[in-house]
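Trainee: Questions regarding the structure given below will be posed in turn.
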Amino acid sequence: MTTTSSGGEPDHTTADREIVVSRAIGAPRELVFEAFTQVRHLSRWWGPEGFTTTTRSFEFRVGGEWDFVMHGPDGTAYQEWITWREIVPPERIALLHGESRDDPNAFESVLIFEPAGEQTRIVMRAVFPTRELRDEAVEKYHAIEGGEQTLRNLAAYVTEIARERSTGRGPATAGETMTEQETGQEGTVR
């Protein structure tokens, strides 16, 4: 049986190892995609409610890595590592996500950014190496609720950015210069 949250068609060869979470977001696809590709954005919305993110290194390119720590509301630090495997702007990102570069329990994720009128529908599909690892993520780490909360944080963040940009008061866009503090590349931002 596939564990899903609001939509997504299962791949029957991986159905017992996957989690699918999706959400419609009231912002253009390019902006939603941008929020996943720049650390200055990720540091402001990534993770479930009450979590913050400290980025150690970030290089968004195929083969590049994001080394970061998620800090839980109870003070627990969770070491995280993402390697970008495929990037198709603004449509798709594939990645490998684990605790470290060589984590044997790392899972694969594919993010799809679909235009939906004036909104963007994002679908996050995570496929774990085994059903047991998927079940542990669901039961011990509340992965479905965490994924839904993460997408809710993303929606709130990009909706505000879209509103600010439409009034000319938004943060720097891709071609503008930003300071290290503004990029959020060091320290915890949120």
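Trainee: Would you kindly state how much longer the chain becomes between Leu133 and Phe60 on full extension, computed as 0.36 nm times their sequence separation minus their alpha carbon distance, in nm to one decimal?
Mentor: 23.6 nm
Trainee: Taking the simple approach of a point 7 Å from Cα along Cα-to-Cβ for both Arg85 and Asn105, what is their distance in nm?
Mentor: It is 1.9 nm.
Trainee: Tell me the net charge near Ala94. Cut-off is 9 Å between Cβ atoms, Ala94 excluded, with +1 for each Lys or Arg and -1 for each Asp or Glu.
Mentor: 0
Trainee: So between Glu118 and His142, what do we pick up on full extension, going 0.36 nm a residue minus the alpha carbon distance?
Mentor: That pair, Glu118 and His142, stretches by 5.5 nm at full extension.
Trainee: With all protein chains present, calculate the accessible area of Glu160 using a 1.4 Å probe and round the result to the nearest 10 Å².
Mentor: Glu160 exposes around 70 Å² with every protein chain in place.
Trainee: From the protein chains alone at 1.4 Å, what is the descending order of accessible area for Tyr157, Tyr78, largest first?
Mentor: These residues rank, largest area first, as Tyr78, Tyr157.
Trainee: How much length is gained on full extension from Val69 to Arg169, taking 0.36 nm per residue of separation minus their Cα-Cα distance?
Mentor: Between Val69 and Arg169, full extension yields an extra 33.0 nm.
The values are calculated or read from the model by the stated rules, or taken from the named source; none is laboratory data. The model shown is predicted, which means the values in this text are computed figures rather than measured ones. So basically every Cβ, Gly included, is an ideal-geometry build from the backbone, and we count neighbours across all protein chains shown. SASA here: full protein model, heavy atoms, side chains in, ligands and nucleic acids out. Shrake-Rupley method; radii C 1.70, N 1.55, O 1.52, S 1.80 Å.
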